Every structure is written in structure tokens, then in C-alpha cells.
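So the structure is just underneath, and the comments pick up after that.
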Amino acid sequence: PMMAALSFLQPIMLRLIGVEREIQGTLSGDLVFYQEIIVLATTPFIGALADKVGRRPLVMLGVALLGIGYAFYPFADSVFMMYAYRTVFGFGVAIVATSITIVNMDYVQDRSRGKWVALASLTQGIGIFTVSQALRVLPARMAADGMPEAEIAKYLFWGCTATCIVLFLVATAGLSRGKPAEARERDSLFQLVGAGLQTARDNSKVALAYATAFAARGDVLVVGPFTFLWTQQAAEDMGLGMADGYKRGGMLVGVIQGSALLWAMGMGYLLDKIDRVTGVIVAFTLAAIGYSSFGLMDDPFSSSILLPAILLGMGESSTIIAGNALIGQSAPAAVRGAVLGSFALCG
């Protein structure tokens, strides 16, 4: 959730800096695009580096960068400074997303990979659900106590920094210091990156997994930045305040993540019972239904949005779980980091 929370908090900063409402959606998209350019440029090398130096140092570095990004972001007083702090955050996202995915694949046997990936997705969903519900409640309480919006923003961002500090300590103490015995640590970074791309040419299931990452991560990115921005602007249209917009946004994201949580283990069990390529077909069919139905809604405050939100959560989690199970099954141990770096690159 520390990779997602900035998207939820973004509307507060747009409001505080005084960005015109007409360009808030465009600027939110531009910031995500800029962050993804950083991810695009670095993830293959991060995956290859994981095969050379191990996973633990990269997880620690990535979480530290996320914490630094959250610590400084509420001090942004211009669009330029938002881009500057987003740079630090973007490197953190690239490192954490890639290294955590590799760790998830290292620690499990293939016969239970579907359930393992589902459980990992479940815990991630619990985290995002918790953050979204905190944002549904905390800004309203702080505003009711008379706290200025700038102070509310600082406390919310610094709460994320504190979470990152805890994660840093957990990673330091808890993750294995070793690397897979088969890892080709003597190869250069460029050789390992090339091996990750070559594997897709040699193995059609790896190529399919890369394609699932391309679709699934792009879809998920739409949900985070724009759900809260949508409810924020809808609240303004109704004459309501920032707290009301965040309350509704938190409820919607809570429904989406709640349905993702409830469905995740079911999808995991299914992936361990059927061919995982068939599982990808099932997952993306659900996702197509969920995203399409949610996209047809025009009022986030209408009760009719709840069923599409549930379907969206089911589809969102299904594509992520199916893609991760397929790449985990198909990635050779000797270049697992490089292959998962390429998997993240496609995402």
C-alpha cells in the first residue's frame, strides 16, 4: 500500500498548491506517466541486480526511498517540486515492486504457487484497504478538530513515512541474506537483462506472462490516482468539502479492495487446480467485465456504483494473481531476478 498511498493523497496536494481544477486530472496523469518512465527505465536492471547482490538490500533501499518521498512531499509548494519529490518516490516504487515480486517467487513451491500468490495479494489488499479506510476517517476528524488542511496533509504523509520505517526494519531483520544457488551472479547486468528478454522468446508462457503484466498493471494504475480525484471533484460539485470527498473515495476503494480480498484466495485455489494459461483467460474475462461496468458509471455518490466496484475488485486481483502465478511457474531459477525485472518492465 505504500506504493499506492501517494495516488490517494495526490488530490490534497493539488488543492493546497492551487492547481486549477480543469487540469487536475491531466496533471495527475502526467505525474503517474513521469513515475512510470522512471520505472520503465530501471526495472530490468533492478531485476538483474537482484541476481547479483541478493533481494534484501534492494528491498531495504526501495522502502527507504519511499519513506523519504513521503517525508518531503507535503513541503511541495509548486508543480516542479511535486515532480522533484516524485522522482525519489518513483525510484522507490521501481525497486520495491520488482524486488518484492522476486522475493514472492523465491519462497514457494510450484504446487502451491497459486495459493501463495493469492495470499500475498490478500495481504497487499488488506494494506490498501486499511490505508483507504484511514483516509476515509482521519481527514474528517482532523478537520472537525479545526486543523488546517496543510497540517492534515503533513500528518497523513508522515504517517506513511513511519510505516516505511517499520517496513525497513522488518526487511532488515526478516529477509534472507542469500541468493538462489543457481543465480548467475558473475554475469554482467546487461547479460542478465538480455537473458530476461531472451527467455520470453524461448518460452511462450513467459511471453504470455509478460503480456498479462502489461495489461494488469496499466489497469490498476487507473484506479488509484483517479478514484479519489473523481470523488473529490464530485463532492465540490455538490457543495461538500475535502473531507466528504475523501470519505466517499475511501468507501469506494474499500469496496474495490474488499471484494479483491474476498475473491483472492478463491482465485488462488482455482489457479492450483486448472492450467494457469486457462486461469489467465478467466482472470481477464472478469477484469473486462469489472472495468467496463465501473467505467460506465457517472456518479460516484450513487448506490448503483457498488456492484461495478465489487466486479472491478474481483477483476483487478484476478489478473495480478494469474500473471504472477504464471511467471513464477515459468521463470528459470538461474535468471529469476532478470526475468521478473522484464516482467515488471512490461507492467
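Can you say whether residue 323 is in contact with a Gly (Cβ under 6 Å, 6 or more places away or on another chain) and of a type in the set (Gly, Ala, Ser), as far as the supplied structure shows? No.
Residue by residue, here is whether (1) at pLDDT 85 or above; (2) farther than 23 Å from residue 105 by Cβ; (3) crowded, with 22+ Cβ neighbours inside 10 Å holds:
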position: 175; (1), (2), (3): yes, no, no
position: 178; (1), (2), (3): no, no, no
position: 191; (1), (2), (3): no, no, no
position: 242; (1), (2), (3): no, yes, no
position: 245; (1), (2), (3): no, yes, yes
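Among the residues of this structure, residue 62 counts as one that is in a helix (DSSP H, G or I), within 14 Å of residue 35 (Cβ to Cβ), open to solvent by less than 40 Å² (accessible area, probe 1.4 Å) and modelled with pLDDT of 90 or more.
Being part of a helix (DSSP H, G or I), open to solvent by less than 10 Å² (accessible area, probe 1.4 Å) and either free of Cβ contacts under 8 Å to residues at least 40 places away in the same chain or more than 17 Å from residue 341 (Cα to Cα) (or both): is that true of residue 16 here? The answer is no for residue 16. Within the range 65-105, being β-branched (Val, Ile, Thr), over 20 Å from residue 193 (Cβ atoms) and at pLDDT 90 or above holds for 68, 87, 88. For the range 236-265, filtered to residues that are in a helix (DSSP H, G or I) and free of Cβ contacts under 8 Å to residues at least 40 places away in the same chain, the residue that is farthest from residue 211 (Cα to Cα) is 237.
The C-beta contact set for the range 121-147 (first residue part of a helix (DSSP H, G or I), second residue buried (at least 18 other Cβ atoms within 10 Å of the Cβ) and acidic (Asp, Glu), distance under 9 angstrom, 6+ apart or interchain) comprises 140/244. For the range 37-53, the criterion of a residue being modelled with pLDDT under 85 and out of contact with any helix residue (DSSP H, G or I) (no Cβ under 9 Å at 6 or more places or on another chain) is satisfied by at least one position.
The values are calculated or read from the model by the stated rules, or taken from the named source; none is laboratory data. The model shown is predicted, which means the values in this text are computed figures rather than measured ones. Note that we place each Cβ from the backbone using ideal geometry, even for glycine, and neighbour counts take in every protein chain shown. Keep in mind that these areas ignore ligands, DNA and RNA; they rest on the heavy atoms of the full protein, side chains included. Shrake-Rupley method; radii C 1.70, N 1.55, O 1.52, S 1.80 Å.
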